Amino acid sequence: MSLHDTARAQQGPGGPPAGAAALTERLLFETKRVIVGQDRMVERMLVAVLAGGHCLLEGVPGVAKTLAAQTLATVVGGSFARLQFTPDLVPSDIVGTRIYRPSEEAFDVEPGPVMANVVLADEINRAPAKVQSALLEVMGERQVSIGGRTLPVPDPFLVLATQNPIESEGVYRLPEAQRDRFLLKIDVGYPSEEEELAILYRMSVDPPAASALLDPPRLVELRRAAEAVFVHDEIARYAVRLIGATRDPARYGAPELARLLTYGAGPRGTLGLVAAGRALALLRGRDYVLPADVRDLCGDVLAHRLVPSFDALADEVAPRAIVERIAAVVPQPRLAPREGDPGVDGLGTAEGGRAA
């Protein structure tokens, strides 16, 4: 019996699959043994893992972006590869190349380091566009093409990329098509004074190390448990309305945003918002998605998919601020009289709803 089947048999009324809920709690705990603070970043990274999407971390140097990616890779298990992006990289350094074997008088395909379960693309904006584009097929199609041969990447496959937003010398901005391949873009800020003191005590001498809690087969089963989380029809419609408001904000009550947007989010954003909502619900101990789950993820799922207009750039209006305004004007559906009350079954017993 799989983890999902066992968990379903053990779950209580209105609760999450017991095995999956306990395992996700252990994943959070093990990651936070190493990462001090940054609770939102850790939660969102695990959302990406459970939803089967890629994750982009952006923040100033020294805020534990690389450490968080390495820790998460250790916790979820499987093979791991770290790619340090530099301006002199070429695509074959990542996806692989053909090598001539003199003993056989023939060419052989040598896969690149991207053939791993978890790939850390460190400082992805330091490599030129052709190298960044080499990841497009891998991230989107989960395969690489070398010398006429197509090789599938391992399953599961996850790309965790980091980038530094404060430098303009020797960096190459990610194009829109590349950013859209990431399920989430997480903005990593500075820690508080208390968290920084804890960092000093914990990491200055004999820093802790994470342990592997999963392996690839168990991670696949955990993702299936996330895919089985219930999504009410009204919540699916709510996600569609949020995406529609990025394309035609005037129709949804925010005409002032029309001049700030050149392009809105595409259907991949809709799929990503619902998938991430399922994963976040599972992390929060539920087997159904609440409107608040979708609302909380709006900025991380949608902001990097928007193309701001020249007016927005001139006025220094950040895409995340545009998303927050959209989330404020698009009303959340109310599906139960006391939605969110742990004593009410809520979405799990809502009549007339259906899973998305």
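Values computed for the structure shown
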read-out: Checking Ala48 against (1) modelled with pLDDT under 90; (2) in contact with a His (Cβ under 8 Å, 6 or more places away or on another chain), the condition it does not meet; value: (1)
read-out: Residue in the range 9-22 that is surrounded by 23 or more Cβ atoms within 10 Å (Cβ to Cβ) and modelled with pLDDT of 85 or more present; value: no
read-out: Positions within the range 83-110 being within 30 Å of Gln70 (Cα to Cα) and either outside any loop (DSSP other than H, G, I, E, B) or at pLDDT below 85 (or both), in sequence order; value: Leu83, Gln84, Ser92, Asp93, Ile94, Val95, Gly96, Thr97, Arg98, Val109, Glu110
read-out: The range 235-252: number of residues that are exposed (fewer than 14 other Cβ atoms within 10 Å of the Cβ) and more than 25 Å from Gly52 (Cβ to Cβ); value: 2
read-out: Of all residues making up the range 24-49, the number that are in a helix (DSSP H, G or I) and open to solvent by 10 Å² or more (accessible area, probe 1.4 Å); value: 10
read-out: Condition broken by Arg295, with the remaining ones in (1) assigned to a strand (DSSP E or B); (2) without any contact (Cβ under 8 Å) to a residue 40 or more places away in the chain satisfied; value: (1)
read-out: Some residue of the range 213-229 being surrounded by fewer than 21 Cβ atoms within 10 Å (Cβ to Cβ) and in contact with a Phe, Trp or Tyr (Cβ under 6 Å, 6 or more places away or on another chain); value: no
read-out: Any hit, the range 59-78, residues being open to solvent by 40 Å² or more (accessible area, probe 1.4 Å), free of Cβ contacts under 8 Å to residues at least 12 places away in the same chain, among the small types (Gly, Ala, Ser) and assigned to a helix (DSSP H, G or I); value: no
read-out: Strands (runs of 3 or more DSSP E) enclosed by the range 131-247 - at least 3 residues per element that are closer than 30 Å to Leu89 by Cα and within 17 Å of the chain's Cα centre (by Cα); value: 158-163, 182-188
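Conditions (1) among the charged types (D, E, K, R); (2) buried (at least 20 other Cβ atoms within 10 Å of the Cβ), marked per residue:
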residue	(1), (2)
Leu271	no, no
Gly277	no, yes
Val294	no, yes
Arg305	yes, yes
Ala312	no, yes
Glu316	yes, no
Arg320	yes, no
Ile326	no, yes
Val329	no, no
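The values are calculated or read from the model by the stated rules, or taken from the named source; none is laboratory data. This structure is a prediction, so every number in the text was calculated from the model and none was measured. Here the Cβ is made from the backbone with ideal geometry for all residues, glycine too, and neighbour counts use every protein chain on show. Each accessible area value is taken on the protein alone, full model and side chains, heavy atoms only, with ligands, DNA and RNA left out. Shrake-Rupley method; radii C 1.70, N 1.55, O 1.52, S 1.80 Å.
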